[in-house]
Amino acid sequence: MTELTELTKYPEEKIMTAAAVTTHEDVKKIVLAIIAEVAPDEDLSNLKPEGRLRDQIELDSMDFLDIVMELRKKYGIEVPEADYGKLATLDSCAEYLLPKFLK
Amino acid sequence: MRVRVKDASERVVITGIGLTAPNGNTLAEFRRNLLAGRPNIQRIPMRYMGEVFAGVCNFDVLKYQKRKEVRNGTRAGSVAIYCASEALADAGLSLAGLDRSRVGVYIGITEHGNVETENEVYNISKFNYDTKFWTHHHNPRTVANNPAGEVTINLGITGPHYTIGAACAAGNAGLIQGAQMLRLGEVDVAIAGGVSESIQTFGIFAGFKAQGALAHHDDPNQASRPFDRDRNGIVVAEGGGLYILERLSDARRRGARIIAEVAGYGLNSDATDAVLPNPERQVECMNAAIARAGLGPEDIDLVSTHATATPQGDAQECEALRRVFAGCGTHFNNTKSFIGHAMGAAGALELAGNLPSLLDGIIHPTINLDNLDPACELPNLVAQRPAQVRRVRAILNNSFGMLGINSAVVVTACE
């Protein structure tokens with residue numbers, strides 16, 4: 001978790017390339033870095049991976065659109081609207097996005 | 001007095017000021033630098049253009065906004081939120097004690113949406129112009145009411161809000177709109193004035209450059225030189241000036257400190273050219289403002305000129321001023337020589353920097369006036385050093401803009 005906290009402080013510098021992503025933990029780091037950009041006022045250090053993001057931090061539907069946009073811009077990953085629900089928790093993000101990174 | 005004495009319920013007064021200028025983030029700091037002759041113009045990188053001169057503000061954005069608000073909103077919104085919050089505090093008003101539905105936000109803008117649109121076009125240019133990379137923030141950022149709307153969301157104000165698009169007359173036009181809404185009884189408190197985020201749009205700079213109206217000089221701080229023989233154009237600046245306006249009767253009832261009365265104003269149109277000014281209409285505009293205040297030109301102690309340091313514009317305003325104020329003993333100064341042209345904020349900021357002279361009789365100078373252009377000769381033009389005069393009881397503030405929009409506001413000391 002220390003590593004994740006570090007990551008959220010300097011999201012741009014430590015961001016991974018899509019090719020470097022091989023595990024669920026890698027995806028979580030990437031999603032956390034994006035959340036740190038999109039919701040810069042939030043403390044992400046104690047985020048529970050299995051808990052709903054919107055229950056733990058202030059994140060509205062516009063912010064979710066920003067997260068989807070950053071995945072598209074930074075990694076060329078498309079998340080169709082029907083799948084937005086799969087981004088509910090960090091764990092579900094990792095589960096859903098890892099195959100897209102490995103493609 | 002040639003006009004009937006107004007009832008206190010329809011007299012409108014200024015009870016608070018919030019501002020950010022390139023050389024000051026409070027009225028006190030701004031005025032100190034104006035009296036000390038301290039400008040602040042910088043070189044900044046401009047997309048597609050290289051370096052340009054600009055007046056840049058350095059207020060603390062996070063004083064009143066969360067980082068997400070700053071990220072999702074606009075620079076004009078941040079400027080407006082800062083100025084509105086500072087103005088309310090300056091007026092001793094707490095929103096907790098106010099009926100928020102009776103507060104109106106009226107913000108003058110020269111333009112809005114250029115910055116955000118240019119940024120997105122640049123952004124999608126990195127993705128082969130695929131519009132699926134265009135942000136969903138685009139529309140809320142670029143709707144014309146954006147800066148005023150951001151103020152209401154940030155402060156929880158539920159009264160009316162909108163912007164007043166009035167080119168570079170916008171700062172005055174916002175103030176006038178606020179005064180009018182108070183007189184109509186639409187609101188009890190008006191947050192009114194103007195803002196500018198224009199230093200972030202290359203289009204404004206490139207447009208002035210194409211027109212031959214963008215200032216150049218070896219020293220950025222000497223580039224904005226109204227009335228000088230060697231003036232060669234405009235320095236663009238960002239900034240904001242918002243006033244708390246109240247009806248005199250309400251202000252007295254709550255024991256507010258009254259800074260000045262908005263005694264008169266004039267707004268008219270040249271109806272001649274999109275860019276070139278028209279001194280005749282400027283004369284009519286100033287005369288209308290003075291008459292509405294129930295004064296004559298001899299009662300105006302100080303004129304805060306609009307002059308932007310373009311060769312033709314300055315000379316034509318001076319021609320208009322000589323016609324209105326011949327033999328009146330009126331003093332003249334200019335603020336753009338310090339901060340450049342703050343566009344939508346210019347009128348509001350330039351008036352604000354002169355308001356303290358109602359109390360101390362000190363008039364800040366126009367600087368960078370090394371060789372007066374004979375075409376800009378004005379009696380009692382305060383240049384290079386401040387002037388202490390016997391008293392300043394009435395100030396006329398000029399702001400003119402493209403498409404031939406003229407505005408003049410007269411403020412007076414209020415007993």
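Quick note: the coordinates plus some simple rules give every number you see, no bench work behind them. Remember, it's a predicted structure, so these values are computed and weren't measured experimentally. For neighbour counting, all protein chains shown are included, and Cβ atoms are generated from backbone atoms with ideal geometry for every residue, glycine included.
Taking R0 as 41 Å, what FRET efficiency do you get between B:N139 and B:A291 from their Cβ-Cβ distance, rounded to the nearest 0.05?
About 0.45, to the nearest 0.05.
Provide the net charge surrounding A:L90, with neighbours chosen by a C-beta distance below 9 Å and charges set as Lys +1, Arg +1, Asp -1, Glu -1.
So the surrounding residues net to 0.
Using only alpha carbons, build the gyration tensor for chain B and give me the equivalent ellipsoid semi-axes, biggest first, whole Å.
The three semi-axes for chain B are 30, 28, 18 Å.
Multiplying the sequence separation of B:L62 and B:Q180 by 0.36 nm and subtracting their Cα-Cα distance, what value in nm do you get?
39.2 nm
Gaussian network model of chain B, Cα springs within a sub-10 Å range: biggest mean-square fluctuation belongs to which of B:Q211, B:Q42, B:Q180?
Result for chain B, Cα springs under 10 Å: B:Q211 fluctuates most.
Among B:P39, B:P365, B:P386, which one shows the biggest mean-square fluctuation in a GNM of chain B, springs joining Cα atoms closer than 10 Å?
Looking only at B:P39, B:P365, B:P386, the biggest GNM fluctuation is shown by B:P386.
Can you pull the three principal axis extents for the Cα set of the protein assembly as shown, in Å, largest first?
Dimensions of the protein assembly as shown along the principal axes of its Cα atoms: 83, 53, 40 Å.
Once you treat every alpha carbon in segment B:264-412 as an equal point and sum by Debye, what is log10 I(q)/I(0) at q = 0.17 Å⁻¹?
Taken in order of the listed q values, log10 I(q)/I(0) reads -0.90.
For a distance above 14 Å, tell me the whole-number percent of Cα pairs in segment B:310-349 that qualify.
Roughly 59 percent, rounded to a whole number.
With a ≥ b ≥ c the root eigenvalues of the C-alpha gyration tensor of segment B:81-230, is it rounded (a/c under 1.5), prolate (a/b larger than b/c) or oblate?
Oblate is the answer for segment B:81-230, as a/c is 1.5 or above yet b/c matches or exceeds a/b.
When you count, for each residue, the other Cβ atoms within 10 Å and take the mean per peptide, how do B:80-90, A:79-89, B:49-59, B:227-237 rank with the highest first?
The packing order, highest mean first, is B:80-90, B:227-237, B:49-59, A:79-89.
Based on the Cβ-Cβ distance of A:R54 and B:S101, what FRET efficiency does E = 1/(1 + (r/R0)^6) give at R0 = 41 Å, to the nearest 0.05?
Efficiency, from the Cβ-Cβ distance: 0.85.
Shape call for segment A:2-102 from the C-alpha gyration tensor, a ≥ b ≥ c root eigenvalues: rounded (a/c under 1.5), prolate (a/b greater than b/c) or oblate?
Judged from the Cα gyration tensor, segment A:2-102 comes out rounded (a/c under 1.5).
What residue among B:A21, B:A352, B:A210 has the largest mean-square fluctuation in a Gaussian network model of chain B, using Cα springs under 10 Å?
B:A210
Once you charge only the Cβ atoms, +1 for Lys and Arg and -1 for Asp and Glu, what is the size of the charge dipole of segment B:264-412 about its Cα centre, to the nearest 20 debye?
Here segment B:264-412 has a charge dipole of around 420 debye.
In what sequence do B:Y122, B:Y64, B:Y243, B:Y265 fall when counting other Cβ within 10 Å, fewest first?
The fewest-first ordering by Cβ neighbours comes to B:Y122, B:Y64, B:Y265, B:Y243.
Going by Cα centres, segment B:355-381 and segment B:216-241 are how many Å apart?
16
Assuming R0 = 56 Å, can you tell me the calculated FRET efficiency for the pair B:R253 and A:A18, based on Cβ-Cβ distance, to the nearest 0.05?
Result of the calculation: an efficiency of 0.30.
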